[in-house]
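Working notes, beginning with the structure itself.
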Amino acid sequence: MAKSKNKYRLKMGNKPTKNILITGGAGFIGSHVVRLFVNKYPNYQIFNLDVLTYAGNLENLTDIQEKPNYHFIKADINNAKEINTIFNEHKFDSVIHLAAESHVDRSIYDPLAFVKTNVIGTMNLLNAALEIWKGDLEGKLFYHISTDEVYGTLDETGLFTETTAYAPNSPYSASKASSDHFVRAYGETYDLPYIISNCSNNYGPNQFPEKLIPLFIHNIIEEKPLPVYGDGKYTRDWLYVIDHASAIDLAFHKGKNKETYNIGGFNEWQNIDLIKILCEFMDEKLGREKGSSAKLITYIKDRPGHDKRYAIDATKISKELGWKPSVTFEEGLGKTIDWYLGNEEWLINVTSGKYQKYYDKQYS
Ligand code: NAD
Ligand code: TYD
């Protein structure tokens, strides 16, 4: 376990410092947020708390693990007692909460696991923060990372805004919606300072190959079928993960207390069109014959409760905080594929063992 906060503070002289707890920092998005904060703010102490589920992987952070302002705490947000002890020891002044069960298909098989981590786990963090912050809320912030899936589904037109009514359709999105409501309720009832951001689908390096893009990259490398749910005409709004991290950085530092920010790439793709582009990129990068990856496309039974379309209106964060994505989809996809091709060992490590069991259950 990491050392006490005062020791660090003495070292930092006059520079403004913070003790920030980032939960889920060994996962996909969390690892990019941890890296950004550790490198950009050497005066902040960054505590990455993660229980290391199948989706948590410390290999995502080997480049920063020796930095003096980075600290790892292996702990479970479902364990209230342990969480309270950790908050008391480190006296965090801010929390950026990403730890979650994050895959819709898994939530269909085991909804309760999602309630436990996403709802109860979030409550445990809220309670622990409130306990150490009560009486002195100045400079404190509980930043909750959420998803656009809480808004449910859209028809052909329209966008999700910050005022769209919640209408979650999957156990995953229902658990995230519930956690958002609790964060807001703690703001209203106990005056807990909070920000919530709701982001669209992320893609990029280090994403576990159960989500569409890394799963299909992995299957193309292995020349395995590409399992397209239903007719493939479902639409998602894709954002490069590093652009999500930069939005979180901005909202954390410049966002207004008790506000919600929608984050998205203005980048809608029907699944089948995205898959075709991905196949073309992969043929080129792997030096395979044109059209060979597309031959792997296999239509399979649809996901139950499959949301037709997600699309985010990110005007508020763009106008109020000056955020915009840094890469085009083609650039981001190219970088993502290059990362997976250059990190074969990472891919082999995460797809060995239990992954096969999950894969067989989901796709057999
Ligand atoms: P991920 O599944 O890759 O990582 C989740 C991390 O949380 C893992 O490191 C895991 O070990 C950790 N974790 C899970 N249960 C825990 C527990 N009980 N205690 C401590 N740690 C635990 O998820 P991700 O895709 O990086 O998503 C991160 C957050 O962003 C989630 O809250 C998710 O809802 C949200 N989000 C994700 C997307 C997306 O496209 N992936 C989009 C919008 C919002
Ligand atoms: P996914 O990456 O699981 O994200 P989410 O469900 O949170 O949007 O899926 C993205 C889209 O791709 C979604 O419409 C479901 C579809 N999909 C497939 O067609 N086949 C697959 O094997 C997976 C994992 C997803």
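When you check Thr189 against the structure, is it within 16 Å of ligand 1 (Cβ to nearest atom) and either open to solvent by 40 Å² or more (accessible area, probe 1.4 Å) or modelled with pLDDT of 95 or more (or both), yes or no?
no
Going residue by residue through region 135-143, is there one that turns out to be closer than 30 Å to Thr85 by Cα, within 16 Å of ligand 2 (Cβ to nearest atom) and surrounded by 18 or more Cβ atoms within 10 Å (Cβ to Cβ)?
There is no residue in region 135-143 that is closer than 30 Å to Thr85 by Cα, within 16 Å of ligand 2 (Cβ to nearest atom) and surrounded by 18 or more Cβ atoms within 10 Å (Cβ to Cβ).
Do we have Ile213 as open to solvent by less than 10 Å² (accessible area, probe 1.4 Å), within 16 Å of ligand 2 (Cβ to nearest atom) and either part of a helix (DSSP H, G or I) or in contact (Cβ under 8 Å) with a residue 12 or more places away in the chain (or both) here?
When the stated conditions are applied, Ile213 passes them.
Based on what the data block shows, is Phe182 touching a helix residue (DSSP H, G or I) at 6+ places or on another chain (Cβ under 8 Å), in contact (Cβ under 8 Å) with a residue 60 or more places away in the chain, open to solvent by 10 Å² or more (accessible area, probe 1.4 Å) and closer than 25 Å to Asp313 by Cα?
Considered against the rule, which asks whether it is touching a helix residue (DSSP H, G or I) at 6+ places or on another chain (Cβ under 8 Å), in contact (Cβ under 8 Å) with a residue 60 or more places away in the chain, open to solvent by 10 Å² or more (accessible area, probe 1.4 Å) and closer than 25 Å to Asp313 by Cα, Phe182 comes out as yes.
If we scan region 206-223, do we find a residue that is away from ligand 1 (no atom under 16 Å from the Cβ), more than 27 Å from Gly30 (Cβ to Cβ) and touching a helix residue (DSSP H, G or I) at 6+ places or on another chain (Cβ under 8 Å)?
yes
When Ala165 is evaluated against the numbered criteria (1) in a helix (DSSP H, G or I); (2) of a type in the set (A, V, I, L, M, F, W, C); (3) open to solvent by 60 Å² or more (accessible area, probe 1.4 Å), which criterion, by number, is the only one it fails?
Only one criterion is unmet by Ala165, namely (1).
Within region 144-158, count every residue that is surrounded by 23 or more Cβ atoms within 10 Å (Cβ to Cβ) and more than 10 Å from ligand 1 (Cβ to nearest atom).
1
Residues that are within 28 Å of Ala174 (Cβ to Cβ) and under 16 Å from the mean Cα position of the chain (by Cα): list the strands (runs of 3 or more DSSP E) wholly contained in region 39-125 that include at least 3 such residues.
Fully inside region 39-125 and qualifying: 45-50, 94-97.
The values are calculated or read from the model by the stated rules, or taken from the named source; none is laboratory data. Everything numeric in this text was worked out from a predicted model, so none of it was measured. All Cβ positions, even for glycine, are placed from backbone atoms using ideal geometry, and neighbour counts span all protein chains on display. For accessibility, only protein heavy atoms count, side chains too; no ligands or nucleic acids. Shrake-Rupley method; radii C 1.70, N 1.55, O 1.52, S 1.80 Å.
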